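Undergrad: I have a structure I would like to understand better, so I am pasting it below and will then ask my questions one at a time.
The values are calculated or read from the model by the stated rules, or taken from the named source; none is laboratory data. Computed from a prediction, not measured in an experiment: that's the story for all the values here. Here Cβ is always computed from backbone atoms with ideal geometry, including for glycine, and neighbour counts include all displayed protein chains. Accessible surface areas use protein heavy atoms only, side chains included; no ligands, DNA or RNA. Shrake-Rupley method; radii C 1.70, N 1.55, O 1.52, S 1.80 Å.
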Amino acid sequence: MIALGWTDRASIPPEPCAALPGPAGTLVTAPARHAATSAARLRLQSACAVSCAAFLPLAPTLERSPDAAHAWATAEGHALPDRIDAVRGMAQATLLAVAPPDPAPASEATSGAAWLSLRTRVQADRARRRAAAAQALRGRAGQDISVRAWPRGLALDLVARRDILQAQMVELLAHLRQADEPALAGWRLTLAGPLPVFALSFADRAA
Amino acid sequence: MIANQGLSAADAVLDLLARSGDADGRVRIDPETVEQDLARLLLGLMEFLRQLMELQAIRRLEAGQLSEEEQERLGKTLMRAETAIHTLADRFGLSPGDLSLDLGPLGRTI
C-alpha cells in the first residue's frame, strides 16, 4: 500500500483507495499497483480531494508506506488535525510560468575575466527579468498572492473554496489575457486546477 | 497561454508532468544508440558541474573575493571547459540543449 494523504474520520475515499485510521490521523492509502508512479498518485489524490470533505495530500513524487506516514504523524504531526480542517472544502489552482531561454550574449569574450564578467551580467539580467515577471504576475493575480521561484521559472498557487475556485481561475485567466505585459513576453503560462491543496501539505519529506 | 479549465484536475497536471518529463530529456540508454546516450549522460553531468562552478565563481566575484588574476584564471578555465564540452557534444551529434538531463522528480540538471 502507498500513502496518499490525510483525511477526517467521516470521509470515505473513492475506490481503489482506503481509509486507514491511526492514533494521530486517518490516512488515505492505495494499492501499490494503482499508485506506482507520480502521475498515478496525483490522479488518485485528485479523486480523493473530490470525494473527501477534507483531504490533505502528501507529495505525489515520493512513495511512502502507511507505516512511515503514521510514524511521522505520531512523532511530528501535532498540527495535523488543524491542517486537515484548513483544507476542508478547499481546492488549489497552480499557475506555472516557464521562463523563455536567456538571450545569447552580445559578444564573445576575449579574456577569462571578460567572460566571467559577461556571465555575471547574464545572471543579473536573468534575476531582473524574473523579478519583473513575478511583479507582473502579482499585479494580475493580486498582491497577496505569493509567487515562488522554481528551476524553470515562477509559480503561484490560488487556494480557495472548491465551489468558487473555478470562478477565480476564469478571472485570473481574463487578467492574464488583458493588455500585453512586457515583463511576461516569451513566458509560457499554464494554469492547472482544481487540484488537491498541495500548498498546505507538510514540507517534511516523511509526511 | 494554455488553459486547462476544461480538463479534470488529474488530466491537467498529468499534462504538465508529461511535458516536463518528455522522452527527449530522460536519462535512458538504448542499445542502438548506446555511444550517443552515454555521451549525453556524461557530458550532461559535466556541463551541470561546470555550471555549478560558474555560479560559484559569479558569487565569489560579486562578493569581491576574487583577485584580477583569479578572475582571469577561473573565467578562462570555465570558458574553455564550456567550449570543450560543446565540441565533444557536437562530435556525438548533440546540441547544448541535449545536455539538459531530466532527473524525474528532482527536475532537470541545467
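Undergrad: Hey, any hits in the stretch B:77-90 for a residue that's crowded, with 17+ Cβ neighbours inside 10 Å, aliphatic (A, V, I, L, M) and within 9 Å of another protein chain (Cβ to nearest Cβ)?
TA: For the stretch B:77-90, residues crowded, with 17+ Cβ neighbours inside 10 Å, aliphatic (A, V, I, L, M) and within 9 Å of another protein chain (Cβ to nearest Cβ): present.
Undergrad: Something else: For the stretch A:77-123, name all the residues that are among the charged types (D, E, K, R), surrounded by 16 or more Cβ atoms within 10 Å (Cβ to Cβ) and more than 13 Å from chain B (Cβ to nearest Cβ).
TA: First, pick out the residues of the stretch A:77-123 that are among the charged types (D, E, K, R): A:82-83, A:85, A:88, A:102, A:108, A:119, A:121.
Pick out the ones that are also surrounded by 16 or more Cβ atoms within 10 Å (Cβ to Cβ) and you get A:83, A:88, A:119.
Once the filter is applied, which keeps residues that are among the charged types (D, E, K, R), surrounded by 16 or more Cβ atoms within 10 Å (Cβ to Cβ) and more than 13 Å from chain B (Cβ to nearest Cβ), the stretch A:77-123 yields A:ARG83, A:ARG88.
Undergrad: Under 6 Å between Cβ atoms, which residue pairs at least 6 apart in sequence (or on different chains) link something in the stretch B:72-91 that is in contact (Cβ under 8 Å) with a residue 24 or more places away in the chain with a partner that is open to solvent by 30 Å² or more (accessible area, probe 1.4 Å) and assigned to a helix (DSSP H, G or I)?
TA: B:ILE85/B:MET46
Yes/no per residue for (1) open to solvent by 30 Å² or more (accessible area, probe 1.4 Å); (2) at pLDDT below 85:
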position	(1), (2)
A:ASP144	yes, yes
A:ALA149	yes, yes
A:ALA155	no, no
A:VAL159	yes, no
A:LEU165	no, no
A:GLU171	yes, no
A:ALA174	yes, yes
A:ASP180	yes, yes
A:GLY193	no, yes
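Undergrad: Hey, any hits in the stretch A:140-149 for a residue that's hydrophobic (A, V, I, L, M, F, W, C) and in a loop (DSSP other than H, G, I, E, B)?
TA: Yes; the residues of the stretch A:140-149 include at least one that is hydrophobic (A, V, I, L, M, F, W, C) and in a loop (DSSP other than H, G, I, E, B).
Undergrad: Hey, among the residues in the stretch A:47-98 that are among the β-branched types (Val, Ile, Thr) and touching a Phe, Trp or Tyr at 6+ places or on another chain (Cβ under 7 Å), which one's nearest to A:PHE198 (Cα to Cα)?
TA: A:VAL87
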